[in-house]
Structure formats: C-alpha cells, structure tokens
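Note sheet for the following structure.
The values are calculated or read from the model by the stated rules, or taken from the named source; none is laboratory data. Small disclaimer: the values here were computed from a predicted structure and weren't measured. Methodologically, a virtual Cβ is constructed for each residue, glycine included, from the backbone with ideal geometry; neighbour enumeration extends over all protein chains shown. For the accessible areas, the whole protein counts, side chains as well, though only heavy atoms, and no ligand, DNA or RNA atoms are used. Shrake-Rupley method; radii C 1.70, N 1.55, O 1.52, S 1.80 Å.
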Amino acid sequence: MHAWSCPKKTTKKIHIMDYKWNYQPPTDGECAEAEQLSEEIGISPVLCRLLRKRGVRTAADAKKFFRPSLLDLHDPFLMDGMDAAVKRINKALGRKERILVYGDYDVDGTTAVALVYRFLQQFTTNIAYYIPDRDNDGYGVSFKSVEYAKETGVSLVIVLDCGVKAVEEIAYAKTLGIDFIVCDHHVQDEVLPPAVAILNPKLVGSSYPYAHLSGCGVGFKLMQAFAKDNGIEFSQLIPYLDLVAVSIASDIVPIMGENRILAYHGLRQINHNPSTGLKAIIEVCGLKGKEIKLGDIIFKIGPRINASGRIETGQKAVDLLTEKDYAKALAMSNQINEYNEARKDLDKSMTEEANHIVDNLEGLADKRSIVLYNEDWHRGVIGIVASRLTELFYRPSVVLTKTNDIATGSARSVADFDVYKAIESCRDLLDNFGGHPYAAGLSLKVENIEEFARRFEEYVSENIQPTQTEANLYIDEELSFKELNYKLYNDLKRFEPFGPDNLKPIFCTRHVYDFGTSRVVGRNQEHIKLELVDNQTSDIVNGIAFGQSSQARYIKSKQAFDICYTVEENTHKRGEVQLFIESIRPEKMED
C-alpha cells in the first residue's frame, strides 16, 4: 500500500446493490408457539414469530417489550466501582472541590458530558467541562488536558466515553493530586488506569447485567446512583433521558434490554419536552411538530452535533446542549448547522476520491479489506468515509490521514466481524488504538502504514467469512398481500424503537405483478412508484423503490417478480400502508 495522492477531479462510479436474499422459514414448532402467543396477546402469529426471534416468548415478556418501564432499569450499584465513584463525588461536593467533566468529541461523548455537567451543576458552581480538540489533544485523555486540570485547580475529573486505556495519563494526574472517575464502554486493555473508579459494563469479569450501554448511558447510571445515594427522586433524572436517547441512536448500540428502556423513554422526552439545546436543533433540522424517531436522530440530529467536533470543536456542542436560553440555543444550532453543511461537502468530495482510488486498485477482488491513506484528508470526516467504503464494497475499511506527523485513522466493519481485534493484531505497529467490534480509531507512524495494511489484510483474510463480504438481505417473514393491513402496521409500531438487535422487520412477498400503473419518478427518474397485486387479493398495494429504476422495464413486462420490503404508513392516505421496497428480482431466481 502506498500513500496515494488523490486526483483533484474524479469520476464517480455507481455501484448497483445486488443483494443475496436470506430467508429461514419457521419450523412447525416455532409456528405452534407463535400461534399460542398470538391468542394470548392478540397480535398476528407473524409478529409473534418476530417476538420469539427477539427472545420474547411469553405474554409477560411481551408486555415488558411493548411497554418498557423505567422500574425495570438495573440497580446502578450493580456496576463494579459505582460505590467508590459516588463516594468520591460526595466527598468532592462536600469539600467544594473543583470538578471537571471530560468527554469525547463525538455525539456520545458530548451528550454524556452535557448530562453529567447539567445534573451536578444543581449541587455545585465549582464545576466545568472540557472536550478535547481532535487535532491538538487527540482522542481520549491527554497529558495536555491533565495539565489544564492542574492549572485550573481541578482535583476530580469525571471522564466519559473514553479513559479506560488512559493508563499513563491518569497515573500522571494522580502524581498531581488529581483523581479520575472513568465512565467508559470501550474494550479495555490488559492494564487498567489507576482511577478511583472505572465504570464500564464491558470490563472483563463485570457483574453488571447489561453490557451494551452507550457512554452517555454509563454517565446516566452514575447520576442514577448519585441520586439514589443522596435521596434524590428518580423523577429528577427523567428530563435527561433525551440526551441518553440521542447517544444510543448515534452510537449504534443494541436497542434491547436496558437500552430499549432508556431509548423508549428518551424518545418520549424528546417528543414532549426536550431540553433547550435539543429543542433548537429539532427546529433547525425541520423536525418541529413531527414525531421524532431514532432514525431522525441518526440522520438529522446526531450528524449536526457530531459536525461540531468534526469541523470545529466538540466544546461548542456541549455549549449548545447545556444552554438554557432558547434564543441563544437557536443561534448556536444555526452555527452547528453550518458546520454540518461543511462536513457534508467534505464527506462528498473525500468519499468520491476514496471510491475512485478503490475502483482503480489492482487486485481488489482478491482483497478482503481496504486501507487508504491521504495526508490531505480532513481528520474529522475520515470515519464517515470509512463507513461509506464499508457499505459500498462490503469490506472492513480503514481510512488514514496525517496529523502532526502521525497517521491517524478510523476503521469500520461489516456485519459480525470484529475490526477491533483485527487492529489489535497489529498493535506493535501502532502508537494508540481503541474502540468497538464495529468501529475503532488508531494512530501510527506514517512509515508503518504499508506494513499495517499488509498485516491487517492478512488477519481479515484469515478470519472473515465469505458471506460477510456480500450484500446480504435478511428476510424476517414471508407474507401475502392479504396479510398486509393497517393493523399489522400499528402492531409493528409497537416494536419501536428500532435499531441493532431489534431491526425494522423486512418482509418478502413472492409472485407479485404490476397493476399496470407503476411508473418511474424522481428528479433524475431514479425511483419507481409501484402499484402491485398478487394472486390472493384484488387489493392494490402501493410501494416505492428508491434508486431501483433499472428494474422498471422488467416490472412493466407483466411478468411475476418477488419483492423485499418494510411496511410503512402511506403519508398521503392515512389509514393505509405502503411498502418501502428494499429489493426486486425476477420470480425465477432462487435465494
């Protein structure tokens, strides 16, 4: 691999998604159990089979799934280190010590800092927050930030969404008389930092019942424990759940277990009484007056908060999320919206450059990974570009740029492949690394990039499965059009919020026909507006297939075809459903 110099002008190549359909029909036993549950709770057996796939097998389980209760949140003191953390905060408040709330510059980190800072601000004025600068501080706890804490009289740092690997930095802080409470959810290293407490449900040997909290979620559990220990009603914490929901959506953590409860009630807070900063972002996003779902956070709210840390500084995101004056918050939101527009321009140009490089790589078909380096790329956008490459080429991808004579990068992975372990296998070449199975960050000397790319590819090739490098579409259930109705849609809504481990169900219907009125639509004639029928009902079913106009000729040929889709509400005809078509293929093709 070489340090490529990207051409200034590129030709964007369009990649047509060719999904491999995967469907596992239910067994007779599964159908029987679903029928029984259907009779007990009054929803279709189809959806009861979906419940079973989510581990919901009884009426009592279904009640908890459909009506997540805050009473079912785990006791925060079950988390290792929580007792020590709360005692240290109490001591700091009692002695009027200066507290610094410190966090990562992404959505998870900034929402976590805003949550803990706002809650503790009720009990002390001797508190501040610090978000590291992506270029000057780097990721996580830095020696520079420790020096800042010393200079400003800080004796307790609560670090959020990072810190579990900051062994040397926290050891240095300890020599200066500065204590750390680490709230993290990233994979630990062999040696843990000498913090007063490390709150991380992913720690080896952790006794906490749920391992998949976001960084903000861990911060919330700390505040829950603090409130419980000090006799503060839990109701005082509910207004902060909007921030937790934003972090859960943006950090792509599983939406089951405790996260489902937090996301469900966090969305209620966002929709009914959001904090001032989020209310301003909602208006700037054009979501005011609409029901906000996790998808709106992922694609609209989250990117704007993230853009602050990518283009300018994450400190401005926390300034917004802690602002109490709506007029000021609206001005801040408009500024962050401008950062997001700049981010989108960078994202587009860098992704096109990266695609051009990959399209022209020799031997790409034989490679199982992508590693790209360009010293001129913007550090704040390389994670997004890595995600785009992974989505487009179905390979674990690492994108690197140059910062202060060091190559820094972001990695993204395909389904069920642990990219963190792949990076860890090259740790002797790295200055630093950290992250999750699906996303990680790293830094290394520029001269080590070529060897890193070789060994990364070697590890991926030896450990990835062929199916993980294909565009797979996993079908939940096969339906006929007579089973599609508004009740099905309403019952599906009860599965929300959707996300990892609780994805929006994808259905399949076979042997359907164009009613004769389907047509190509869109500014560039790239979509198909479908009106379909099957052999079991005379009802016409409406659907939209985005970006699939290449299928129009076959659809209009009057031959039968199969479709995969999600079920949505028809926004033009309330009380009716329409299909968002994920894939279309001729009937004769096999799974």
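Note on the stretch 478-509: among residues that are among the hydroxyl-bearing types (S, T, Y) and touching a residue at least 60 places away in the same chain (Cβ under 8 Å), the one that is nearest to L213 (Cα to Cα) is Y489. Of all the listed residues (G434, G441), the sole one being closer than 25 Å to I252 by Cβ, of a type outside the set (A, V, I, L, M), in contact with a Lys or Arg (Cβ under 6 Å, 6 or more places away or on another chain) and touching a residue at least 40 places away in the same chain (Cβ under 8 Å) is G434.
Against the criterion of being touching a Leu at 6+ places or on another chain (Cβ under 7 Å) and among the polar types (S, T, N, Q), N485 does not qualify. Among the residues of the stretch 417-445, those identified as in a loop (DSSP other than H, G, I, E, B) and touching a helix residue (DSSP H, G or I) at 6+ places or on another chain (Cβ under 7 Å) are F417, S425, C426, H436, P437, Y438.
Among the residues of the stretch 261-285, those that are open to solvent by less than 40 Å² (accessible area, probe 1.4 Å) and outside any helix (DSSP H, G or I) comprise P274, S275, C285.
Considering the conditions (1) surrounded by fewer than 16 Cβ atoms within 10 Å (Cβ to Cβ); (2) out of contact with any helix residue (DSSP H, G or I) (no Cβ under 7 Å at 6 or more places or on another chain); (3) at pLDDT 95 or above; (4) not acidic (D, E), F66 is excluded by exactly one of them, (1). Taking I170 as the residue in question, decide whether it is among the aliphatic types (A, V, I, L, M), at pLDDT 95 or above and closer than 29 Å to I382 by Cβ. Yes; evaluated as a whole, the condition is true for this residue.
Yes/no per residue for (1) in a loop (DSSP other than H, G, I, E, B); (2) touching a strand residue (DSSP E or B) at 6+ places or on another chain (Cβ under 7 Å); (3) at negative phi; (4) aliphatic (A, V, I, L, M):
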residue: K150; (1), (2), (3), (4): no, no, yes, no
residue: V157; (1), (2), (3), (4): no, yes, yes, yes
residue: K165; (1), (2), (3), (4): yes, yes, yes, no
residue: E168; (1), (2), (3), (4): no, no, yes, no
residue: K174; (1), (2), (3), (4): no, no, yes, no
residue: V191; (1), (2), (3), (4): yes, no, yes, yes
residue: P194; (1), (2), (3), (4): yes, no, yes, no
residue: K202; (1), (2), (3), (4): yes, no, yes, no
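Evaluation of L100 against the conditions (1) within 24 Å of E151 (Cα to Cα); (2) part of a helix (DSSP H, G or I); (3) touching a strand residue (DSSP E or B) at 6+ places or on another chain (Cβ under 7 Å) shows that the sole unmet condition is (2).
Pick from the stretch 532-546 the residues that are within 35 Å of the chain's Cα centre (by Cα) and surrounded by 15 or more Cβ atoms within 10 Å (Cβ to Cβ): which of them is farthest from T566 (Cα to Cα)? By that ranking, first place goes to L532.
Exactly one of these conditions fails for K53: (1) modelled with pLDDT of 95 or more; (2) open to solvent by 60 Å² or more (accessible area, probe 1.4 Å). Give me its number. Of (1) modelled with pLDDT of 95 or more; (2) open to solvent by 60 Å² or more (accessible area, probe 1.4 Å), only one is false for K53: (1).
I'd like to verify a number: residues in the stretch 154-189 that are over 21 Å from D83 (Cα atoms) and among the basic types (K, R), how many? Looking only at that region, the number is 1. Going by the structure shown, is D28 under 21 Å from H265 (Cβ atoms), modelled with pLDDT of 90 or more and surrounded by fewer than 17 Cβ atoms within 10 Å (Cβ to Cβ)? Spelling it out, it is not the case that D28 is under 21 Å from H265 (Cβ atoms), modelled with pLDDT of 90 or more and surrounded by fewer than 17 Cβ atoms within 10 Å (Cβ to Cβ). Would you confirm whether any residue within the stretch 514-521 is assigned to a strand (DSSP E or B), touching a helix residue (DSSP H, G or I) at 6+ places or on another chain (Cβ under 9 Å), at pLDDT 95 or above and under 30 Å from I297 (Cα atoms)? Looking for residues that are assigned to a strand (DSSP E or B), touching a helix residue (DSSP H, G or I) at 6+ places or on another chain (Cβ under 9 Å), at pLDDT 95 or above and under 30 Å from I297 (Cα atoms), one finds none in the stretch 514-521, hence no.
Summed over the stretch 428-480, residues that are open to solvent by 40 Å² or more (accessible area, probe 1.4 Å), under 29 Å from D106 (Cα atoms) and in contact with a strand residue (DSSP E or B) (Cβ under 6 Å, 6 or more places away or on another chain) total 3.
Among the conditions (1) out of contact with any Phe, Trp or Tyr (no Cβ under 7 Å at 6 or more places or on another chain); (2) open to solvent by 20 Å² or more (accessible area, probe 1.4 Å); (3) modelled with pLDDT of 95 or more; (4) farther than 21 Å from F77 by Cα, K228 misses just one, which is (4).
Among the conditions (1) touching a Leu at 6+ places or on another chain (Cβ under 6 Å); (2) over 30 Å from V460 (Cβ atoms), the only one that V399 does not satisfy is (2).
Inspection of the stretch 447-456 identifies no residue that is in contact with a Lys or Arg (Cβ under 8 Å, 6 or more places away or on another chain), outside any strand (DSSP E or B) and touching a residue at least 12 places away in the same chain (Cβ under 8 Å).
For the stretch 547-574, filtering for residues that are surrounded by 18 or more Cβ atoms within 10 Å (Cβ to Cβ), without any contact (Cβ under 8 Å) to a residue 60 or more places away in the chain and under 28 Å from the mean Cα position of the chain (by Cα) leaves 3.
Could you please tell me which pairs satisfy a Cβ distance under 7 Å, a separation of 6+ or placement on different chains, a first residue in the stretch 510-538 that is farther than 14 Å from I584 by Cα, and a second residue that is of a type in the set (D, E) and in a strand (DSSP E or B)? If the second residue must be of a type in the set (D, E) and in a strand (DSSP E or B), the pairs left are F515/E531; T517/E531.
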